[in-house]
Amino acid sequence: METHTGEPEALSTDAAAHEGECTILFVDLVGSTALYDVLGDREAERIVGAALERLSQLAEKAGGTVIKTIGDAVLCTFEVPDHAAGCAPEMHRGLEALSREGDATVELSCRVAFRHGPVIRRHADVFGDTVNVTSRLMHLADPRQTLTTRGTLDKLDLAYRERCRLIDRTGFAGKRREHEVYEIVWERELLTTLASGTHMRAALDACLVLRHGERRIEVDVLNPRVTLGRVPQNDICVDHHRTSRWHAVVRCQRGKFLVTDTSSNGTYCAAECGDPLELHKEDHLLSGRGLLGLGMVVEEGDPNAIHYEVGVRGESERQTS
């Protein structure tokens with residue numbers, strides 16, 4: 001689901017526009033596209049409509065205002081951050097309950113993100129940086145997950161802050177400042193297994209080093225996405241006829257590292273002392289050290305090989321100093 005939350009035009013001449021603060025909450029229905037493939041248009045439309053109606057009702061019950069539905073997501077506002085934090089778990093539970101009602105044959109879930117900050121209100125809609133960042137934050141969430149940022153977390157009641165765990169530090173496209181991203185844990189079994197400080201520190205310090213020729217790049221929470229391909233606009237460029245223009249992406253996700261093939265000829269991943277694994281339009285978890293080949297099998301010493309090594313941020317510099 002993609003949201004488009006552009007800024008309003010000519011605000012200075014629009015008397016209906018005014019600035020203020022509120023909490024923006026986005027909730028996105030997970031897997032709705034697959035419902036149409038599996039159930040057909042009519043049944044899928046009925047289920048998606050019922051889910052969006054349930055989410056809207058829960059937002060209003062919690063004191064929120066439903067601004068609009070965007071595709072399979074709902075945009076809501078709350079005047080108090082605690083109200084948004086209390087509404088989020090009810091939305092998750094509400095879809096669970098809807099999945100068990102009547103003759104339902106699918107398991108419904110959602111992802112939620114909320115953030116408090118300045119907005120521009122205009123003609124019963126909201127605009128601004130808070131809206132845009134919350135939308136992007138929602139796309140980082142996994143199904144059944146609720147995310148917020150540090151600034152909003154600090155405004156929450158202690159009861160909610162005690163249910164939070166830091167899961168990432170990330171930047172958003174077009175934004176220079178990095179944000180600490182927190183999960184608001186709502187499921188009972190997870191409340192007793194919040195990540196320890198040691199475990200979270202390990203995730204934040206995890207680093208993947210990529211080397212190609214003289215080029216060296218670290219992939220970590222500060223630089224979570226690196227592109228590989230034939231054109232120079234990539235972070236690592238491999239000039240070979242079997243390498244696609246935009247061939248693959250390497251990502252850091254909560255201390256884990258994934259390579260995703262997006263090419264025509266596949267990406268070959270060979271762990272140290274292992275046989276090459278051929279990837280086609282799929283993800284693969286990287287660990288230890290090894291080689292990546294963009295469209296071809298590569299070996300040690302091959303000028304087209306990309307070397308990778310998973311470790312701890314700064315570890316390689318300490319070892320060579």
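The values are calculated or read from the model by the stated rules, or taken from the named source; none is laboratory data. In this text the structure is predicted, and so the values were computed from the model without any measurement. Every residue, glycine as well, gets a Cβ built from its backbone with ideal geometry; the counts of neighbours run over all protein chains shown. Just so you know, the surface numbers come from the protein's heavy atoms only, side chains and all, with ligands and any DNA or RNA stripped out. Shrake-Rupley method; radii C 1.70, N 1.55, O 1.52, S 1.80 Å.
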| Do we have any residue at all in the stretch 304-317 that's open to solvent by less than 20 Å² (accessible area, probe 1.4 Å), of a type in the set (A, V, I, L, M), in contact with a His (Cβ under 6 Å, 6 or more places away or on another chain) and modelled with pLDDT of 95 or more? | yes
| field | Matching strands (runs of 3 or more DSSP E) fully within the stretch 204-254 where at least 1 residues are free of Cβ contacts under 8 Å to residues at least 12 places away in the same chain and open to solvent by 10 Å² or more (accessible area, probe 1.4 Å) | value | 215-219
| query | Being assigned to a loop (DSSP other than H, G, I, E, B), at pLDDT 90 or above and crowded, with 20+ Cβ neighbours inside 10 Å, is that true of even one residue in the stretch 278-296? | reply | yes
| task | Scan the stretch 246-281 residue by residue and report those that are over 25 Å from the mean Cα position of the chain (by Cα) and either at negative phi or β-branched (Val, Ile, Thr) (or both). | result | 264, 265, 268, 270, 271, 272, 274, 275, 276, 277, 278
| said: Can you tell me which residue is farthest from the chain's Cα centre (by Cα) among those in the stretch 147-159 that are buried (at least 19 other Cβ atoms within 10 Å of the Cβ) and in contact (Cβ under 8 Å) with a residue 60 or more places away in the chain? | reply: 156
| request: Working only within the stretch 265-277, note down all residues that are in contact (Cβ under 8 Å) with a residue 24 or more places away in the chain and either among the charged types (D, E, K, R) or open to solvent by 10 Å² or more (accessible area, probe 1.4 Å) (or both). | output: 265, 268, 270
